[in-house]
1. Relative contact order for the chain: what percent, with Cα pairs under 8 Å and sequence separation of 6 or more?
2. Between ALA262, ALA33, ALA92, find the one with the highest GNM mean-square fluctuation for the chain; connect C-alpha pairs within less than 10 Å.
3. Residues with amide H under 5 Å of TYR137's amide H, sequence separation 5 or more or different chain, H placed in the peptide plane at 1.01 Å from N; which?
4. Taking only C-alpha pairs under 8 Å that are 6+ residues apart, what is the relative contact order of segment 1-107 in percent?
5. Quick check: the distance between the Cα centres of segment 1-43 and segment 221-265, to the nearest angstrom?
6. Segment 1-50: which trypsin sites (Lys or Arg not before Pro) are DSSP loop and have at most 10 other beta-carbon atoms within 10 angstrom?
7. Between SER77, SER199, SER265, find the one with the highest GNM mean-square fluctuation for the chain; connect C-alpha pairs within less than 10 Å.
8. Top mean-square fluctuation among THR113, THR170, THR63, Gaussian network model of the chain, C-alpha springs under 10 Å?
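Bear in mind that the values in this text are calculations on the coordinates, not laboratory data. These figures come from a predicted structure and were not determined experimentally. Neighbour counts run over all protein chains shown; Cβ positions are idealised from the backbone, glycine included.
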Amino acid sequence: MVIPAIPTIATIVQEGLNKAGLINPPPIKTTRATTQWFEEIKQDIWEAMKKPVILATTGFFITNPGQVSYNFPSDYSSMESDPEILDGGVYAQAQGGSVNTIILNAADNSQVTDMIGREVIVYAGTGIGQINRCIGYDFATKVATMLQNWTVSPDATSQYILVDNTWNLTEEPAFRETSNPIRDYPSKWYSEDGVTSFSIWPIPYRESNLPWGVRLKYFVNLLTLDEASALHSLLLQRWRNVFISGIYAKALDDMNDDRAEAKLSSYKKQVVGLGMRENFGDDIGDLQCEVLDY
């Protein structure tokens, strides 16, 4: 079986211009379609749906004792759900690890039944800031096999958390820090600008000085998405016809072609349809109608 080639911005632009009758478009036209019209199409899609399921992703970080404010990921658009705090009864030093394993502390008494399906956080040392899920464990060797490969393999400097407790923070936009700050397990969050950073409260601190993990489930900003990313390539593949239609319509409009009005109307309907299909919670792909004879 031959797998179709994944489209690129260049191939989409070329196809859209070709449909408009520009078989050998001048470079200036191709450049405009690539740098201006393509971005306008992304803006059109973005305005139609800011929470498409395909743009839902997850971020993760470790709290710093006493630090209240944290930056959103660089590709952040909006939250899918409230931030989740991850805590554990086991904080320990690893003996080592590999691309898909971590060797737990020699004194760790976790059993196979305790470990399978459990999340493991590297909170300090080599590989800090990573989270993974255990799918296999050998009690004798303390080797825990992970679901996914680590981005950075843990080693004997790595410190880990075995997650056994999680809770979601509650958004409270109105609360403010006081002159007598409260230090405790965090339970609230807010963001003043909704774009760059957010704060958690009470101040994350406990006498052990140990951190918590924080998981963010959020939607990626289509307008700032890295064009070299795998997700961007997937969007080109999944939304190819809409992008081509947009380039086609904008090329006709640029040439004052009589077909432009009808094609622009058709393109806008495609964008609306895409929004109805892709928006979070709005999947109508399996919608069925039944006609009843009364």
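1. The value is 28 percent.
2. Per the Cα network of the chain with a 10 Å cutoff, ALA262 tops the list.
3. THR145
4. Numbers: 30 pairs, mean separation 13.0, N = 107.
Once normalised by length, the contact order is 12 percent.
5. The distance from the Cα centre of segment 1-43 to that of segment 221-265 comes to 8 Å.
6. Here no loop site has a sparse enough neighbourhood.
7. With Cα springs under 10 Å in the chain, the top fluctuation among SER77, SER199, SER265 is at SER265.
8. Result for the chain, Cα springs under 10 Å: THR113 fluctuates most.
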